[in-house]
Structures are given as C-alpha cells and as structure tokens.
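In what follows, a single structure is set out as structure tokens and then discussed.
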Amino acid sequence: MGRHLIVCRVCRQQLSPPVRLLPEVPERTLAADHRTTVPPTVQPGEYAVDPYPLGATDGRVDEGNPGCLVLHPDDARELTVHPDPERSVGCCGEDGLAGPNPCCPRCSAAVATLVNDCWTVHEVRFEPAAVIVGPVEDLTRPGSRTWLS
C-alpha cells in the first residue's frame, strides 16, 4: 500500500510526512494514573481512521468528530499552537477536550486535536473536514486538483 500525505483543505499546506494507512486503529494504551507514560496510538509514519469520537471506545470521554485521522504526534510537528488559550487545556499536556488545538502553519486554520495529557492517549487527530488526504503521487503532481501549493 502506498504512502499518503495530509494537507490543509484551505491552503493546501502539507501537514504530515508521507504516512501509511493502517487497516484499523491499534488498541490504545491508557494511563493507570498520572505518573504512567503511555505510548502513542500509532507509530511514526503510520495513520489510521478512527470511526469513533475521541475517547468513545474507552469510556472516559466522548468528544470530537468521528472519522479523524490518527497520527503519531511527531508526524505533526509543523503545526502551530491555536491562538485561543482555552483550546490548550490539560494537566501535563493537552487533553483534547476543548476542540481542535493546533493550526495550519500557513493559514492558521484549526486542523487537528493534539491529545497527550497524563491521563489520555497520545495522538494527533486531524479533523476530516479540515484536511485532504491522498496518495503522495496525486498530491504532488502539478495540475492535480488537490496539488500542493
């Protein structure tokens, strides 16, 4: 299976390195307490489509949209902090409960939710309505409808 890129729907800025689609979201590891560090949901270079809202499968929360693209936090390093400080909420990191918190570095559109608090899973969840995902070849071919700008 080929690699995909995730780009901003508004300005076509590339938001991820090439990533490989997994057949499903791997089983998540949850922290037993705030002193436990959990591994990210997916490995670098991979992504999965979560058919459920954030936390819907673990019973802790049920926030956000279904269909988010789940990536390793290191695969979204270029994103910028949301200008609204109310979106950056958490104890030891971002809990993701206040909605999309990082933005596109070019146009500042809210594109994803970073979740990496001490009691949460560790992942970046790209909002399906805010991004375009497609094969690297299609998104980098000049003249393509979704070509990177």
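Within the stretch 1-19, take every residue that is charged (D, E, K, R) and either within 24 Å of Thr120 (Cβ to Cβ) or in a loop (DSSP other than H, G, I, E, B) (or both) and give me the one that is modelled with the highest pLDDT. The qualifying residue modelled with the highest pLDDT is Arg9. Of the residues making up the stretch 51-67, not a single one is modelled with pLDDT of 90 or more and either in contact with a helix residue (DSSP H, G or I) (Cβ under 6 Å, 6 or more places away or on another chain) or part of a strand (DSSP E or B) (or both).
Applying a threshold of 6 Å to beta carbon distances and a minimum spacing of six or more residues, or different chains, the list of pairs starting in the stretch 8-29 at a residue that is polar (S, T, N, Q) and ending at one that is surrounded by fewer than 16 Cβ atoms within 10 Å (Cβ to Cβ) and at pLDDT below 95 reads Thr29/Pro39. If the condition is being part of a loop (DSSP other than H, G, I, E, B) and either in contact (Cβ under 8 Å) with a residue 12 or more places away in the chain or crowded, with 24+ Cβ neighbours inside 10 Å (or both), then the stretch 79-88 contributes Leu79, His82, Pro83, Ser88.
Considering Val25, Val70, the condition of being closer than 22 Å to Pro135 by Cα, in a loop (DSSP other than H, G, I, E, B) and at pLDDT 90 or above is satisfied by Val25 alone.
Of the residues making up the stretch 8-24, those that are of a type outside the set (A, V, I, L, M, F, W, C) and on the phi < 0 side of the Ramachandran plot are Arg9, Gln13, Gln14, Ser16, Pro17, Pro18, Arg20, Pro23, Glu24.
The values are calculated or read from the model by the stated rules, or taken from the named source; none is laboratory data. Since the structure is predicted, the reported quantities are computational estimates derived from the model, not experimental observations. Every residue, glycine among them, receives a Cβ derived from its backbone with ideal geometry; neighbour counts consider all protein chains shown.
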